[in-house]
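Q: Input: one structure, supplied below.
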Amino acid sequence: MKKLPNWKELPMGGLILEAGSAENYKTGGWRSIKPIHDKDKCINCLNCWIYCPDSSIIVEDGKVVGINYEFCKGCGICAHECPPKVAAISMVEERR
Amino acid sequence: MSKIVAKTGNESMAEAMRQINPDVVAAYPITPSTEIVQIFSSYVADGLVDTEFLAVESEHSAMSACIGSAATGARTMTCTASQGLALMWEMLYIATGLRLPIVIAGVNRALSAPINIHCDHSDTMGIRDSGWIQIYSENAQEGYDNLIQAVKIAEECCLPAIVTTDGFIISHGMESMKLLEDKEVQDFIGDYKAPYTLINPQKPITVGALDFTDYYFEHRRSTAEAVLQAKDKIIKVSQEYSHLSQRKYELFEEYRLDDAQMAIVVLGSTAGTAKVVIDELRSKGIKAGLLKIRVYRPFPAEELAIVLSKIPAVAILDRADSLSTMGGPVFIDIKSALYNLEKRSKLINYIYGLGGRDTTLHHIREVYQDLQNILDTGKIAQSIKYLGVRE
Ligand code: SF4
Ligand code: SF4
């Protein structure tokens, strides 16, 4: 196991001095349901990308290429915001 | 040359704030500290200070705004009393945890219920575990002097600090006092160089992040260390200020204690009343003295123990009740400060002056009479008493 810093080694006031360090703290494990993205149905309107509160929709060259399950919380907003006629995201039970 | 002026406690604190010229003041008025905010806001309106003044909608917002301001690295102050301080309570702990040197010009007032606007120390005693540096003043002069020192103390310790006067007794009482020159104050406090700032795009940081079981304990431990280290810094700044002002400031004041057989321990304005009685008793050959606590947090436990251990009978006067059945907060602290001594003094506690009830020379004489009885009989009849309440 990684040795954590002792109290004398930490920056004062609980500060985090490294920018963007939240990326190192994986929170996908909180999820109980999981979005599944269907590339064939997707029209790449990017609604899901705009609404995802956790920046977990992975977009490359203007196209949704997947979901970052290391951070996705399974809130289902992406599935809800996907146009009903398209319904490219379905929520399924998380199994680990 | 220092100027001699006539000022109330509130005016003296507003004057200190003008001379400090903080970057930001966010405040909400509350009796009896309203005048501090009011006078200071007129300084802002008249362009006498460079301060960004935020008139917020509550004390909770005032302290929240102060925290945001201080996190950017701005020298930040506010003023409050009583329910206002109570409403800030949640944010006070955050100011400490983020190590932000916010300074409050406080005025002591009772807490509801019943509603009461007069002096006691229930409000500030309620924040005694918050990690704020707490400094009590005997008069308007000390309120002024302590407030100037608090800015430097807070910044050197990276901890927030509150300086208080007693509501109405000091805050609205006019007295003659000495002011420093504006330049002397500015030179004394110096420029504030914050250890961190939230608004440097070259060096982005996170302030107020979530801690779980893996880090919270370590962060609290380091804050406890900052409070432990604060005492020496307070002593140093107080010495520098004593030198500048020619007025002596220490963790506590000892008044005729050297050969004292009995002593009163008290905070704030009642110290003045006690001094009059002590002089009276001394003229009759009675060895009475006073210990006035100035810096209540961090608590000067070791220093107090050294002094008090030599005095056979000590009465601790609390202008707040802890409602713990253990007496007032100062009594509880002093009892535990003396516990490990080989030879312990006899201690008694008086809860006095709640809700602004006058504490007169007569009351103080009564306390010394009780102490005399303890010295004569070696026995404590009643260890916690209410002084001046109708029985
Ligand atoms: S379920 Fe929620 S967190 Fe996960 S990708 Fe969809 S919107 Fe984002
Ligand atoms: S909202 Fe639906 S259709 Fe639009 S990009 Fe996301 S998955 Fe594709």
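The values are calculated or read from the model by the stated rules, or taken from the named source; none is laboratory data. Keep in mind the model is a prediction, meaning the values are calculated, not measured. Glycine also receives a Cβ, built like all others from the backbone with ideal geometry; neighbour counts cover every protein chain displayed. For accessibility, only protein heavy atoms count, side chains too; no ligands or nucleic acids. Shrake-Rupley method; radii C 1.70, N 1.55, O 1.52, S 1.80 Å.
Q: How many percent of DSSP beta bridges within chain B run antiparallel, rounded to 5?
A: 20 percent
Q: What accessible area, in Å² to the nearest ten, does a 1.4 Å probe give for residue B:362?
A: Its accessible surface works out to 110 Å², give or take rounding.
Q: Helix B:140-157: angle to the longest alpha-carbon principal axis of chain B, degrees 0 to 90, nearest 10?
A: Once rounded, the angle reads 60 degrees.
Q: Over the Cα atoms of the protein assembly as shown, how large are the radius of gyration and the largest Cα-Cα distance (Dmax), in Å?
A: 27.9, 102
Q: Exactly which trypsin sites (Lys or Arg not before Pro) in the range B:136-195 are in a DSSP loop and have at most 12 other Cβ atoms within 10 Å?
A: Those that pass, being in a loop and sparsely packed, are B:193.
Q: Taking the Cα centre of the range B:252-387 as origin, work out the dipole magnitude from +1 charges on Lys and Arg Cβ and -1 charges on Asp and Glu Cβ, in debye rounded to 20.
A: 120 debye
Q: Return the Rg/Rh ratio of the range B:1-156 with Cα-based radii and a Kirkwood Rh.
A: Result: Rg/Rh = 0.93.
Q: Hey, what angle do you get for helix B:361-377 against the long axis of chain B, alpha-carbon based, 0 to 90 degrees rounded to 10?
A: Taking Cα atoms only, the helix is inclined about 50 degrees.
Q: To test your reading of the geometry: what angle, between 0 and 90 degrees and rounded to tens, separates the Cα axis of helix B:82-97 from the longest principal axis of chain B?
A: Helix B:82-97 sits roughly 70 degrees off the main axis of chain B.
Q: Could you tally the net charge around residue B:297, taking each other residue with its Cβ under 13 Å from the Cβ of residue B:297, Lys/Arg +1 and Asp/Glu -1?
A: Charge balance in the 13 Å sphere: +1.
Q: For residue B:302 and residue B:358 in one chain, what is 0.36 nm times their gap in residues minus the Cα-Cα distance, to one decimal in nm?
A: 17.0 nm
Q: Sticking with this structure for a sec: Keeping all protein chains in the complex and leaving out DNA, RNA and ligands, what accessible area do you get for residue A:7 with a 1.4 Å probe, in Å² to the nearest 10?
A: Surface accessible to solvent at residue A:7 totals approximately 60 Å².
Q: Can I ask one more? If I model a spin label at residue A:4 and residue A:27 as a point 7 Å from the Cα along the Cα→Cβ vector, what separation in nanometres do I get?
A: Each label point lies 7 Å from its Cα, and together they span 1.8 nm.
Q: Evaluate peptide A:5-13: per residue, the Cβ atoms of other protein chains within 10 Å of its Cβ; return the mean as an integer.
A: Going residue by residue through A:5-13 and averaging, the value is 6.
Q: Here's a follow-up. Let me have the relative contact order for chain B, percent, based on Cα pairs under 8 Å that are six or more residues apart.
A: 16 percent.
Q: If I histogram all Cα-Cα distances within chain B using bins 10 Å wide from 0, what percent of pairs lands in each bin?
A: Cα pair-distance distribution for chain B, in percent: 5, 24, 33, 24, 11, 3, 0, 0.
Q: Let me spell out the model: positive unit charges on the Cβ of Lys and Arg, negative unit charges on the Cβ of Asp and Glu, origin at the Cα centre of chain B. What dipole size does that give, in debye rounded to 20?
A: Computed charge dipole of chain B: roughly 980 debye.
Q: Return the distance in nm (one decimal) between the two label points of a simple spin-label model at residue B:276 and residue B:248, each offset 7 Å from Cα along Cα→Cβ.
A: 2.3 nm
Q: Between the range B:1-59 and the range B:82-133, how far is it from one alpha carbon centroid to the other, in angstrom?
A: If we compute the Cα centre of each part, the gap is 18 Å.
Q: Given labels modelled 7 Å from the Cα in the Cβ direction, how far is it in nm from residue A:16 to residue B:343?
A: For residue A:16 paired with residue B:343, the spin-label model returns 5.7 nm.
Q: Right, here's the next one. Of all the Cα-Cα pairs you can form in the range A:6-96, what percent are over 19 Å apart?
A: I get 47 percent for the Cα pairs in the range A:6-96 exceeding 19 Å.
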